[in-house]
Every structure is written in C-alpha cells, then in structure tokens.
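Enquirer: Quick one: this structure, given as structure tokens, is what I'll be asking you about.
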Amino acid sequence: QVQLVESGGGLVQPGGSLRLSCTASGSCFSLGPMYWYRQDPEQQRRLIAGVTSDGSTIYADSEKGRFTISRDNTKNTVSLQMSGLKPDDTAVYYCKALCSGKIYWGQGTQVTVSS
C-alpha cells in the first residue's frame, strides 16, 4: 500500500506561481512513475505531467513551458512548479503514483487562480 499526500495548493493571483508537492509513504520497494493530474468540476481527470524514476518527463501541451515536474527519489516526493498561472488553471490537482503495477492517488489539492 502506498499513501500519497499532496500539499501546496491555495489561492494565487493570475500570473503568479505555486508549487505543489506530493509525498509517498507506505510499503513500496520501488516507486514507479509519478504524475500530476487536474480535475475540473464534472470533468474527468486530465494528465498534466509525469516523471519516471530516472527523471524522464512528459507534459501536456497546454502546460508545457509553464509547469515543471520534478522528483526526489530519496524523499519519495514529486513536485509541480507552476508559473504564469491563469484562471483556467483553477482545478483540483491530484498526484498519482505506480508501484508494482498498482495505481495510487492522493486526495487532491485545490488550486484557485483569481484576482
């Protein structure tokens, strides 16, 4: 079992920055890829970015260049540095991790971009 806890969400003004973090705990010998998703009301979760254990990254086109995903394997954390935030970035952000073929999700953290 793996538990994921996100932090760092909140209210930010347009153009501002925010850093989300997700820490994994529990029993996982080797944590696999980790991802950040967003979910808008009444919509499915959408992939924003992902990072493998060796640091390879992927980004959705809409977030490429504005968001940066990073990972610290020694602390079992994945972070999402978000800059140039827009009101459209308002959503609940979720962390996802894979371990031994199983998928784990965090509880989500709200990001609101508003003046």
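Each reported figure results from applying straightforward, stated rules to the coordinates on display, with no laboratory input. The model shown is predicted, which means the values in this text are computed figures rather than measured ones. Quick reminder, even Gly has a Cβ in these numbers, built from the backbone with ideal geometry, and neighbours come from all protein chains shown.
Enquirer: Could you point to the residue in LEU80, LEU98, ALA60 farthest towards the positive end of the chain's charge dipole, with +1 and -1 charges on the Cβ of Lys/Arg and Asp/Glu respectively?
Expert: Going by the Cα projections, it comes out as LEU98.
Enquirer: Checking the a/c ratio against 1.5 first, then a/b against b/c, what shape does the Cα gyration tensor give for region 26-80? Can you show the working numbers first?
Expert: Numbers: a/c = 2.58, a/b = 1.52, b/c = 1.70.
The shape class here is oblate.
Enquirer: What is the gain in length, in nm to one decimal, between ASP88 and ILE103 on full extension, counting 0.36 nm per residue of separation less the C-alpha to C-alpha distance?
Expert: 2.7 nm
Enquirer: Which of CYS28, GLY50, GLN13 sits closest to the plus end of the dipole of the chain, meaning its Cα is farthest towards the positive end, when Lys and Arg get +1 and Asp and Glu get -1 on the C-beta?
Expert: Positive-most Cα among the choices belongs to CYS28.
Enquirer: What FRET efficiency comes out for the pair ARG66/GLN43, r = Cβ-Cβ distance, R0 = 25 Å, nearest 0.05?
Expert: The formula returns an efficiency of 0.80 here.
Enquirer: Suppose R0 equals 22 Å; then what is the FRET efficiency for SER114 and THR52 from their Cβ-Cβ distance, rounded to the nearest 0.05?
Expert: That pair, SER114 with THR52, gives E of 0.05.
Enquirer: Roughly speaking, what % of Cα-Cα pairs in the chain are separated by over 24 Å, rounded to a whole number?
Expert: Summing the P(r) tail past 24 Å for the chain gives 19 percent.
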